[in-house]
Amino acid sequence: MAGQELQIEPIAGALGAEVGGVDLRSLDADTVAAIRAAFVQYQVLVFRDQDLSPEEQVAFGRHFGELDTHPFVEMNADHPEVLDIITEPEDRTGSNFGGGWHTDLTFMTEPDLGSILYAIDVPPAGGDTLFASQLAAYDSLSDTMKSMLDGLVAVHSPDRQYGMAGQSKNSKAMVAKEGVDASRETEHPVVRTHPESGRRGLYVNPAFTTKIRGMRRDESAALLEFLYEKGSREPFTCRVKWQPGTLTMWDNRSVQHFALHDYAGHRRHMRRITVKGDRPV
Ligand code: SIN
């Protein structure tokens with residue numbers, strides 16, 4: 001199909017848009033460019049009523065860059081770039097990883113640019129995903145706070161989630177790989193500049209950030225707590241309610257997300273791919 005006209009409807013004040021008028025299985029270069037521009041602007045794009053095989057989802061993701069694999073979680077055996085996130089009715093949903101604000105893979109030197117999640121089975125109610133714009137959160141700070149944060153560097157580690165005693169060991173939704181060393185650390189600026197829009201945003205998250213370099217433990221903890229609270233305030237969020245066939249892509253360089261686990265007794269099956277990113281600056 002040539003030149004599909006995107007119908008873009010914002011879903012919240014700070015971020016997020018539903019995009020209609022497009023079949024993600026057949027995109028020309030102009031439509032891909034329009035989706036990419038909307039992705040950078042709205043940070044979260046929601047496409048309804050898509051009918052995608054794993055191969056078609058992978059092909060869609062490749063329009064935006066090379067796909068990544070998760071270093072600590074088992075990928076789909078037939079499709080190594082696909083991660084199935086499955087909660088069965090009998091799984092406890094309160095404590096699984098996912099039920100907390102995070103940005104994917106910030107413990108990597110070059111964290112993923114974005115994630116593309118496709119809904120296969122959804123509960124009759126609940127299981128929504130929340131997103132928070134770290135650009136809007138940064139914009140809301142005073143100039144004095146911004147100039148203090150602009151020079152700071154944070155340490156990120158996968159250990160709290162994927163280490164020996166990590167939270168993901170209890171998760172059935174994503175199956176943790178055995179015997180992978182999660183003790184590594186990497187450093188990123190506390191404020192990153194978006195490589196495409198040039199906007200600045202907060203770049204710390206409670207799942208993977210462990211401390212701010214050069215600060216005492218209590219100072220670091222207090223500042224991080226402030227930034228997490230600021231970064232998840234309601235005016236900076238949007239909420240995606242899933243239906244089978246909904247595909248949502250989010251910009252990992254500018255948002256945090258939170259998968260709500262409020263659907264005990266029901267199945268939820270999502271299929272995720274991630275696009276490789278660059279080093280935050
Ligand atoms: C994720 O954290 O990437 C999964 C989000 C979701 O399952 O809604």
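The values are calculated or read from the model by the stated rules, or taken from the named source; none is laboratory data. Since the model is a prediction, treat every value here as computed from it, not as a measurement. Don't worry about glycine lacking a Cβ; one is built from the backbone with ideal geometry, like all the others, and counts go over all protein chains shown. Surface accessibility is based on the protein's heavy atoms, side chains included, excluding ligands, DNA and RNA. Shrake-Rupley method; radii C 1.70, N 1.55, O 1.52, S 1.80 Å.
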(message) If you only keep lysine pairs separated by 8 or more in sequence, or across chains, how many in the stretch 103-237 come under 21 Å at the Cα atoms?
(response) 4
(request) Would you mind classifying the chain by shape? Square roots of the alpha carbon gyration tensor eigenvalues, ordered a ≥ b ≥ c; an a/c under 1.5 is rounded, otherwise it is prolate if a/b is larger than b/c and oblate if not. (result) oblate
(message) Just the number please: accessible area per residue for the chain, 1.4 Å probe, all protein chains included, in Å².
(response) 43 Å²
(request) Report, for the chain, the % of DSSP beta bridges that are antiparallel, rounded to 5. (result) 95 percent
(message) Counting only helical runs of four or more DSSP H residues, what would the 222 nm mean residue ellipticity of the chain come to if each run contributes -39,500 (n - 2.57) and the total is spread over all its residues?
(response) -5500 deg cm²/dmol
(message) Below 8 Å between Cα atoms, with a sequence gap of 6+, how large is the relative contact order for the chain in percent?
(response) 35 percent
(message) Taking a virtual spin label 7 Å from the Cα of residue 197 along the C-beta vector, which residues in the stretch 111-148 bring their backbone nitrogen under 20 Å of it?
(response) 111-117, 129-143, 146-147
(message) Between residue 76 and residue 5, what is 0.36 nm times their sequence separation minus the Cα-Cα distance? Round to one decimal in nm.
(response) 22.2 nm
(request) State the extension gain, in nm to one decimal, for the chain segment bounded by residue 142 and residue 243, taking 0.36 nm per residue of separation less the distance between their alpha-carbons. (result) 32.4 nm
(message) Please give the charge dipole size of the chain, origin at the Cα centre, charges +1 on K and R Cβ atoms and -1 on D and E Cβ atoms. Round to the nearest 20 debye.
(response) 820 debye
(request) Report, to the nearest whole %, how much of the accessible area of the chain belongs to carbon and sulfur atoms, 1.4 Å probe, protein only. (result) 49 percent
(request) For residue 229 and residue 278, calculate 0.36 nm times their separation in residues minus their Cα-Cα distance, and state this gained length in nm to one decimal. (result) 15.0 nm
